[in-house]
1. Checking Thr61 against (1) surrounded by 15 or more Cβ atoms within 10 Å (Cβ to Cβ); (2) free of Cβ contacts under 8 Å to residues at least 40 places away in the same chain; (3) β-branched (Val, Ile, Thr); (4) out of contact with any Cys (no Cβ under 9 Å at 6 or more places or on another chain): exactly one of these is not met. Which one?
2. From the set of residues in the range 126-139 that are surrounded by fewer than 20 Cβ atoms within 10 Å (Cβ to Cβ) and touching a residue at least 60 places away in the same chain (Cβ under 8 Å), which is farthest from Gln90 (Cα to Cα)?
3. Can Thr52 be described as at pLDDT below 90 and surrounded by 16 or more Cβ atoms within 10 Å (Cβ to Cβ)?
4. Tell me which of these Met113 doesn't satisfy, since it passes every other one: (1) modelled with pLDDT under 65; (2) of a type in the set (A, V, I, L, M); (3) surrounded by 15 or more Cβ atoms within 10 Å (Cβ to Cβ); (4) part of a helix (DSSP H, G or I).
5. Can you work out which of the residues in the range 26-37 that are within 14 Å of Thr132 (Cβ to Cβ) and in contact (Cβ under 8 Å) with a residue 24 or more places away in the chain is surrounded by the most Cβ atoms within 10 Å (Cβ to Cβ)?
Amino acid sequence: MSMKFEGVPVASLELQAAVVKAAHGNGLLAVAHATSLEDTLLVLRAGTDALTHCFTDLAPTDELVEAYKKNNAFLIPTLVVCASLTGEEQELRDRFAAKAAPHQLTADVKENMCQCLGLGVPGATVKHSYETVKKLKAAGIDIVAVSCPTPSLSGEKHADPSQGNGLGAAAEGNSYR
């Protein structure tokens with residue numbers, strides 16, 4: 001477990017496989033959210049197509065690479081979330097937020113962005129996430145950087161929800177190899 005959430009149950013392999021099967025049966029990708037190496041392997045065994053977030057609890061393994069390859073799965077690492085989870089690299093978040101123009105981020109959003117989740121368990125480190133990205137990339141696994149536009153506080157529309165979530169285009173056109 002990468003996060004301090006004792007007692008939160010993890011769905012069984014059978015249940016997760018049923019969710020993946022239902023998604024695929026409806027022509028959808030199955031994208032999972034796992035926060036530990038163990039849970040990542042579980043959802044990959046269930047047949048998921050992609051994972052959002054990288055785990056921080058352990059270094060990546062060869063078993064992980066093989067599981068990604070078996071599914072032809074890809075990773076959306078969200079490294080800034082991983083660093084916030086472990087409480088590392090605060091100065092990087094501050095520097096990034098400082099570069100945003102006032103019309104890009106309101107003061108409230110900027111303050112929230114710079115806060116640290118600090119939910120990592122002892123031994124968790126963003127370096128495990130970096131190692132995972134490097135290891136998967138070296139093995140030919142797609143690493144996808146996704147930016148999810150949201151309506152601004154002024155009500156300005158940035159994305160058209162009727163056009164889907166954009167994940168397919170990101171997976172096809174913006175992967176890092």
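The values are calculated or read from the model by the stated rules, or taken from the named source; none is laboratory data. Keep in mind it's a predicted model, so treat the numbers as computed, not measured. Note that each Cβ is placed from the backbone with ideal geometry, even for glycine, and that neighbours are counted across all protein chains shown.
1. Here Thr61 clears every test but (1).
2. At the first step, the residues of the range 126-139 found to be surrounded by fewer than 20 Cβ atoms within 10 Å (Cβ to Cβ) are 127, 130-131, 133-135, 137-139.
Going one step further and asking which of them are touching a residue at least 60 places away in the same chain (Cβ under 8 Å), we end up with 131, 133, 135, 139.
Working: Glu131: 19, Val133: 20, Lys135: 25, Ala139: 30 Å.
Looking at residues that are surrounded by fewer than 20 Cβ atoms within 10 Å (Cβ to Cβ) and touching a residue at least 60 places away in the same chain (Cβ under 8 Å), I get Ala139.
3. Values: at pLDDT below 90: no; surrounded by 16 or more Cβ atoms within 10 Å (Cβ to Cβ): yes.
No.
4. (1)
5. Taking the range 26-37 as the starting set, the residues that turn out to be within 14 Å of Thr132 (Cβ to Cβ) are 34-37.
After this cut, where a residue has to be in contact (Cβ under 8 Å) with a residue 24 or more places away in the chain as well, the list is 35-37.
Numbers: Thr35: 25, Ser36: 18, Leu37: 22.
So, considering only residues that are within 14 Å of Thr132 (Cβ to Cβ) and in contact (Cβ under 8 Å) with a residue 24 or more places away in the chain, the one surrounded by the most Cβ atoms within 10 Å (Cβ to Cβ) is Thr35.
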